[in-house]
């Protein structure tokens, strides 16, 4: 990959601005925890298929530094580092997929899901293509899942069009018969709405509704459909016909499992210590830290081990 001088300069400019800001506030550091930068690099590589070399070039660091941060060094039998320079960390964290050239090939999963969600909402592919200024037959192939990669320019245009159209009523812009036909075809194909993906529509490993939390009071399990209920509460709804008056009851084992789910999907982090905020975790479980701590002690596990197992 050849990164344009403008993209490289923009990434460097963002880094120096951030560094100067931290120096003025007295928060500039030498070595920092490597985990945040490592996860960012791994996500760029896994979700968007961006090579470690391309990430390194955008950040202005060596490609061996990025590869070692992500996966360690097999030839030297070295594990990924626990700490890295603040300069390196900040430079890597400024990199995002839109820094890449328009002709870079990225993962097509997010684009496919956006097209399917638009179809389910009633937007015909031809209208979406016209709005984007793209070829509609290519978008149909993308929607069918026949493409594994797509040009970044196309993915970006589709994302912008998706964010605009998903807020509008297709009946006000297209013929009623076309909207109905598009919706019926999408429904028959088993495609999913925009809400099913939450903020993880581009992540190929995320399943529909997996990142959407159950809407029942303090329940933290994933929802399973557009009713925003987990398996347990869908079962209760089927059994009772309503969830009104249903009490929230959880034993220690269930509470720990719920805590593990939160730590795996959306851990509450204290910005000052960068550790788990125990009180906020307990609050999201509908309890307090003393009660959660007792449950952990009974299970012979501490918060650190629970986080590792999440």
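Selection of the stretch 133-144 for residues being surrounded by fewer than 17 Cβ atoms within 10 Å (Cβ to Cβ) and either modelled with pLDDT of 95 or more or in a helix (DSSP H, G or I) (or both) yields 136, 137, 138, 140, 141, 144. With respect to the conditions (1) in contact with a helix residue (DSSP H, G or I) (Cβ under 6 Å, 6 or more places away or on another chain); (2) assigned to a loop (DSSP other than H, G, I, E, B); (3) in contact (Cβ under 8 Å) with a residue 40 or more places away in the chain, residue 267 lacks only one, and its number is (1). Residues in the stretch 166-209 that are in contact with a helix residue (DSSP H, G or I) (Cβ under 6 Å, 6 or more places away or on another chain), in a helix (DSSP H, G or I) and at pLDDT 95 or above: 170, 171, 179, 182, 186. When 270, 279, 266 are checked against the criterion of being closer than 27 Å to residue 37 by Cα, in the same structural domain as residue 300 (by TED's automatic domain parsing), at pLDDT below 85 and more than 20 Å from the chain's Cα centre (by Cα), a single residue qualifies: 270.
The values are calculated or read from the model by the stated rules, or taken from the named source; none is laboratory data. Only a predicted model underlies this, so the values are computations on that prediction, with no experimental measurement involved. A quick note on method: Cβ atoms are made from the backbone with ideal geometry, for glycine too, and the neighbour counts reach across all protein chains shown.
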